[in-house]
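The values are calculated or read from the model by the stated rules, or taken from the named source; none is laboratory data. This structure is a prediction, so every number in the text was calculated from the model and none was measured. Cβ sites come from the backbone with ideal geometry, for glycine too, and all protein chains shown count toward neighbours.
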Amino acid sequence: MKLQLLPSTFDENGAASARQHLSCFVIDECVAIDAGSLAMAASAAQKKQIRDVVLTHAHLDHIAGLPLFIDDLFATLDAPVRVHAVPHVIETLERDVFNWEIYPRFSELENANGAVMKYQPFEIGQEFSVKHLRLKSISVNHKVPSVGFVVSDGKTSVALSGDTAKTDEFWKILNQETNLSALLIECAFPDELEELAEVSHHLTPQTLRRELEKFNRKECLIYVINIKPMYRDEVVRQIEELKIENLQILEVGQIYEW
Ligand SMILES: [Zn+2]
């Protein structure tokens with residue numbers, strides 16, 4: 001399975017910055033998990049192939065690229081972009097984003113070939129198929145209804161936490177997985193902002209360390225994602241100080257294969 005965290009911003013030379021402002025993971029060049037930078041950073045080949053977008057939750061940094069992605073492709077789509085999300089997220093998108101005020105309600109619009117956007121609701125805890133992948137959604141602990149996923153291609157499984165604070169359900173499900181090659185786990189804030197992390201339902205390096213004690217797949221590779229860009233250097237330093245084997249930062253733009 002191939003996975004790439006798309007870039008969010010670019011440095012003064014136009015190269016992708018290591019800082020992650022937005023969240024969008026492309027799997028096997030054809031399925032997006034979250035759509036933060038989807039319209040802005042997907043390659044031409046990815047834009048051609050991605051017709052399934054799976055959302056963890058409706059926060060802006062996870063959905064910002066979705067309206068623009070559909071807009072950019074509007075005339076050329078010969079099948080609708082399928083947006084997989086829990087009902088609460090779909091209601092939020094329809095009410096607060098695709099409401100004609102912020103952006104057009106694409107779910108009601110058609111091009112010459114038919115519908116351009118279609119919702120595929122799933123319930124928290126449900127398993128479902130997207131292209132060649134099998135996804136299991138898992139409830140996590142964030143400020144709004146949010147899910148993490150175990151994504152399997154039949155050979156390899158990869159888990160993504162999305163945004164979360166401390167949680168038990170996620171670890172319970174992961175500990176039952178037999179083929180887990182990699183775990184992508186959030187760590188948004190540095191330790192000195194633990195209070196802010198707590199009210200906004202995120203992790204810090206120290207709370208991440210305590211969470212990982214619940215994870216019994218010691219051979220699994222662990223990658224840190226969703227670090228707030230303003231605190232990246234501090235969080236990276238504190239994660240290095242944890243000296244946890246197999247724990248590293250997921251690099252923006254790099255294609256990982258497990
Ligand atoms: Zn969030």
Filtered residues of segment 133-185 (kept if part of a loop (DSSP other than H, G, I, E, B) and among the polar types (S, T, N, Q))
ASN141, SER146, THR156, SER161, THR164, THR167, ASN175, GLN176, THR178, ASN179
If you take the residues of segment 162-200 that are without any contact (Cβ under 8 Å) to a residue 40 or more places away in the chain and within 17 Å of the chain's Cα centre (by Cα), which of them is farthest from ILE249 (Cα to Cα)?
PHE170
Given the conditions (1) within 16 Å of the ligand (Cβ to nearest atom); (2) touching a residue at least 40 places away in the same chain (Cβ under 8 Å); (3) more than 17 Å from the chain's Cα centre (by Cα), which single one is not true for ASP96?
(2)
Applying the selection to segment 93-128, what residues are farther than 17 Å from VAL81 by Cβ and of a type outside the set (Asp, Glu)?
ARG95, ASN99, TRP100, ILE102, ILE124, GLY125, GLN126
Filtered residue count, segment 108-132, keeping only those that are assigned to a loop (DSSP other than H, G, I, E, B) and away from the ligand (no atom under 16 Å from the Cβ):
10
Is there a residue being within 16 Å of the ligand (Cβ to nearest atom) and of a type in the set (Val, Ile, Thr) anywhere in segment 133-143?
yes
Some residue of segment 178-185 being at pLDDT 95 or above and within 16 Å of the ligand (Cβ to nearest atom)
yes
Could you give me the residue pairs with C-beta distances under 7 Å whose first residue belongs to segment 42-61 and is free of Cβ contacts under 8 Å to residues at least 60 places away in the same chain, whose second residue is of a type in the set (Asp, Glu) and surrounded by fewer than 18 Cβ atoms within 10 Å (Cβ to Cβ) wherever it lies, and which are 6+ apart or on separate chains?
ALA45/GLU29; GLN46/GLU29; GLN49/GLU29
Of all the helices (runs of 4 or more DSSP H) wholly in segment 1-85, which have at least 2 residues that are crowded, with 23+ Cβ neighbours inside 10 Å, within 16 Å of the ligand (Cβ to nearest atom) and not aromatic (Phe, Trp, Tyr)?
60-63, 65-73
